[in-house]
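**Student:** Take this structure first; my questions come after.
The values are calculated or read from the model by the stated rules, or taken from the named source; none is laboratory data. Only a predicted model underlies this, so the values are computations on that prediction, with no experimental measurement involved. In this analysis, Cβ positions are derived from the backbone assuming ideal geometry, glycine residues included, and neighbour counts consider all displayed protein chains. For accessibility, only protein heavy atoms count, side chains too; no ligands or nucleic acids. Shrake-Rupley method; radii C 1.70, N 1.55, O 1.52, S 1.80 Å.
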Amino acid sequence: MSHRQQQILQAAIRAGYLDRSRPLAAFVDTAAVAATVSSLQRAFPEHFAHAFAAKANPMSRALALVKVLGMACEVASSGELEQALRTGFEPEKIVYDEPAKTQDVLEKVLGLGVGLNIDNFQEFERVRAWLGLRRSRSRIGFRVNPQVGAGKISAMSTATATSKFGFALEDTGNRTAIIQAYRNHPWLTALHTHVGSQGCGLELMSAGIRKVVDLAEAINAGAGRRQVELIDIGGGLPVNFESDEVRPTFSEYAEVLAKSVPELFDGSYLGKTEFGRSIFAKNGFIVSRIEYTKTSGGRRIATSHAGAQIATRTVFMPDHWKLRMSVYDATGQAKSGSEAIQDIAGPLCFAGDMIATGRMLPLIEPGDYVVLNDTGAYYFSNPFYYNALCAPAVYGAELRAEDPVKFSVWRNQQTVDEMLAVIG
């Protein structure tokens with residue numbers, strides 16, 4: 001946990017945002033998010049637009065923050081689309097990527113002028129039929145699967161030979177069919193690809209993008225003009241969950257791309273990115289009060305209020321989504337002294353609800369706080385209603401030099417009535 005985040009934790013305890021009646025809360029360092037977005041914008045040329053992948057944190061305050069910072073928005077469901085619109089994103093600043101788009105959704109997207117990445121030939125036929133009767137301001141293109149292989153986490157790899165996403169570029173006849181579709185339909189002016197996210201190396205990601213740029217070159221050569229104007233390279237920059245260090249950086253990724261796909265950097269094409277996890281993950285954290293401790297079979301176990309309801313991936317895929325844990329006393333001071341191998345259990349009523357097992361940590365006691373680091377994306381913003389637990393409060397924290405931390409409510413702690421209304 002960074003020094004900045006520890007300052008936020010201590011201020012939150014003093015302000016009463018964490019106590020025995022509010023044992024679980026999450027925090028976002030808003031200035032750190034701004035610094036991250038700025039580093040992204042500096043790393044790429046000015047002809048790149050940067051869309052935030054809403055699935056990483058679809059909270060309205062998260063979207064409002066990145067909008068103010070100059071980002072567009074990538075959405076992958078009708079709910080995310082509505083959230084982006086309500087947050088104030090103009091339709092032309094939104095790009096829609098859902099794999100299972102209904103006819104109604106397609107009509108709404110095209111009618112509004114939202115950018116559209118088509119996933120397959122059947123969807124293409126629906127879009128073509130709609131555009132045969134009316135016009136759209138949408139920037140439209142195909143999502144292409146370059147089929148370059150998997151990274152370390154198969155579930156996060158979207159460019160395998162059998163991936164569910166996009167047009168499989170190397171399947172028999174597909175490359176020719178894609179080029180022909182573009183030749184026959186001048187309104188196809190973009191290409192999109194996303195090789196994967198966590199677990200995918202920079203070389204693998206750039207190899208997929210290289211194949212899509214080559215496809216764009218073939219389309220434009222066949223058309224005799226610059227028909228494909230925009231190439232959307234997706235997001236997926238891996239996040240380091242092992243320490244506070246940010247690696248790889250946006251600059252490192254841009255350097256790799258500048259060498260492997262220089263056409264994206266010399267202005268031959270407009271560029272777009274869709275980063276999500278790498279914008280928020282390291283800038284947010286979850287804090288849980290420890291309710292009880294005990295020993296079972298010689299193993300020390302601390303029972304927290306953070307489990308699969310907010311750390312779903314970590315609980316169900318612990319080998320791939322291991323989180324760093326930090327331990328603090330009731331005032332927010334880092335604990336020191338004797339260490340022991342300990343498990344940190346979640347509150348849910350199943351044996352696998354463990355957020356950490358066999359960790360060497362300072363001895364945890366009831367009333368201490370455990371921090372789940374690097375959880376600003378895909379954790380507290382996407383609650384899971386197992387055991388009908390309420391979603392925790394989320395606070396934005398503005399940390400200024402020599403000034404008190406200023407908190408803003410991103411989401412109040414959910415009441416039981418609100419939670420039960422969601423469950424139905």
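**Student:** Taking into account only those residues within the range 258-302 that are among the aliphatic types (A, V, I, L, M) and touching a Lys or Arg at 6+ places or on another chain (Cβ under 9 Å), which is nearest to Gly396 (Cα to Cα)? Before you say what the answer is, go through the steps one by one.
**Tutor:** Going through the range 258-302, the residues among the aliphatic types (A, V, I, L, M) turn out to be 258, 261, 264, 270, 279, 281, 286-287, 290, 301-302.
Pick out the ones that are also touching a Lys or Arg at 6+ places or on another chain (Cβ under 9 Å) and you get 261, 301-302.
Numbers: Val261: 38, Ile301: 31, Ala302: 28 Å.
Per the criteria, the residue is Ala302.
**Student:** Does the range 273-323 hold any residues that are within 22 Å of the chain's Cα centre (by Cα) and part of a strand (DSSP E or B), and which are they?
**Tutor:** Thr273, Gly284, Phe285, Ile286, Val287
**Student:** Still on this structure, I have one more. Starting from residues that are touching a Leu at 6+ places or on another chain (Cβ under 7 Å) and open to solvent by 10 Å² or more (accessible area, probe 1.4 Å), keep the ones in the range 229-251 and report whichever is farthest from His3 (Cα to Cα).
**Tutor:** It comes out as Glu229.
**Student:** If I filter the range 68-80 down to residues being more than 18 Å from His194 (Cβ to Cβ) and outside any loop (DSSP other than H, G, I, E, B), which single residue comes out as most open to solvent (accessible area, probe 1.4 Å)?
**Tutor:** Filtering first and then ranking leaves Val68.
Results for (1) part of a loop (DSSP other than H, G, I, E, B); (2) modelled with pLDDT of 95 or more, shown as yes or no for each residue.
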{"position": "Met1", "(1), (2)": "yes, no"}
{"position": "Arg4", "(1), (2)": "no, no"}
{"position": "Arg14", "(1), (2)": "no, yes"}
{"position": "Ala25", "(1), (2)": "no, yes"}
{"position": "Val28", "(1), (2)": "no, yes"}
{"position": "Val33", "(1), (2)": "no, yes"}
{"position": "Val37", "(1), (2)": "no, yes"}
{"position": "Gln41", "(1), (2)": "no, yes"}
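**Student:** Which residues, taken from the range 32-54, are touching a strand residue (DSSP E or B) at 6+ places or on another chain (Cβ under 8 Å) and in contact (Cβ under 8 Å) with a residue 60 or more places away in the chain?
**Tutor:** Selection gives Val37, Leu40, Phe44, Pro45, His47, Phe48, Ala49, His50, Ala51, Phe52, Ala53, Ala54.
**Student:** Check the range 44-58 and report whether any residue there is open to solvent by 20 Å² or more (accessible area, probe 1.4 Å), farther than 30 Å from Tyr369 by Cα and assigned to a helix (DSSP H, G or I).
**Tutor:** Within the range 44-58, not a single residue is open to solvent by 20 Å² or more (accessible area, probe 1.4 Å), farther than 30 Å from Tyr369 by Cα and assigned to a helix (DSSP H, G or I).
**Student:** Turning to a different aspect of this structure: Return the residue satisfying two criteria in turn: it lies in the range 112-136 and is polar (S, T, N, Q) and in a loop (DSSP other than H, G, I, E, B), and of such residues it is farthest from the chain's Cα centre (by Cα). Give the derivation first.
**Tutor:** Within the range 112-136, the first condition is being polar (S, T, N, Q), and the residues that meet it are 117, 120, 122, 136.
Keeping just the survivors that are in a loop (DSSP other than H, G, I, E, B) gives 120, 136.
Details: Asn120: 24, Ser136: 29 Å.
Per the stated criteria, the residue is Ser136.
**Student:** Restricting to the range 203-255, what's the tally of residues that are aliphatic (A, V, I, L, M), assigned to a helix (DSSP H, G or I) and more than 30 Å from Ala177 (Cα to Cα)?
**Tutor:** Here the count works out to 1.
**Student:** Also, quick follow-up: Can you confirm whether Glu170 is among the acidic types (Asp, Glu) and either at pLDDT 95 or above or not in a loop (DSSP other than H, G, I, E, B) (or both)?
**Tutor:** Considered against the rule, which asks whether it is among the acidic types (Asp, Glu) and either at pLDDT 95 or above or not in a loop (DSSP other than H, G, I, E, B) (or both), Glu170 comes out as no.
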